[in-house]
1. So what J values fall out for segment 8-22 if you push phi through Karplus, 6.51 cos²θ - 1.76 cosθ + 1.60 with θ = phi - 60°, rounded to Hz, Gly and Pro as x?
2. Can you order the peptides 4-13, 71-80 by their average number of other Cβ atoms within 10 Å per residue, highest first?
3. Which distance in nm do the two modelled labels at Ala50 and Asp32 give, with both placed 7 Å along the Cα-to-Cβ direction?
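Taken together, the values in this text are just the output of simple stated rules run on the coordinates, not laboratory data. In this text the structure is predicted, and so the values were computed from the model without any measurement. Backbone-built Cβ (ideal geometry, glycine too); neighbour counts: all protein chains shown.
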Amino acid sequence: MRHAEATTADVTLSYLGDHVAVDIVDDGHGFDPHRLPASETRSGGYGLPAMRARVLALGGTLTLESVPGHGTALAAQLPLACSSDHPVKATS
């Protein structure tokens, strides 16, 4: 909300059988999603490229809709059970 200068954000968490979904919609000033920097997964971070890399690493999807001058909508879906293609690594 800081970068978007949004006054409100609606967050919805849904359980959809074999996956969970989170949808976030704000009323900020929006941006051009095609101008996002490339993901730099080695440096970590909390920005959109890092979020996309984390969601994809867990076998999920992340979609983003935004237009300059309007709000932004972000939707993430993650499987509840990990497939063998996307094992989860334990961290401490």
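1. 9, 9, 9, 10, 10, 10, 10, 9, 10, x, 9, 8, 10, 9, 10
2. 71-80, 4-13
3. 2.5 nm
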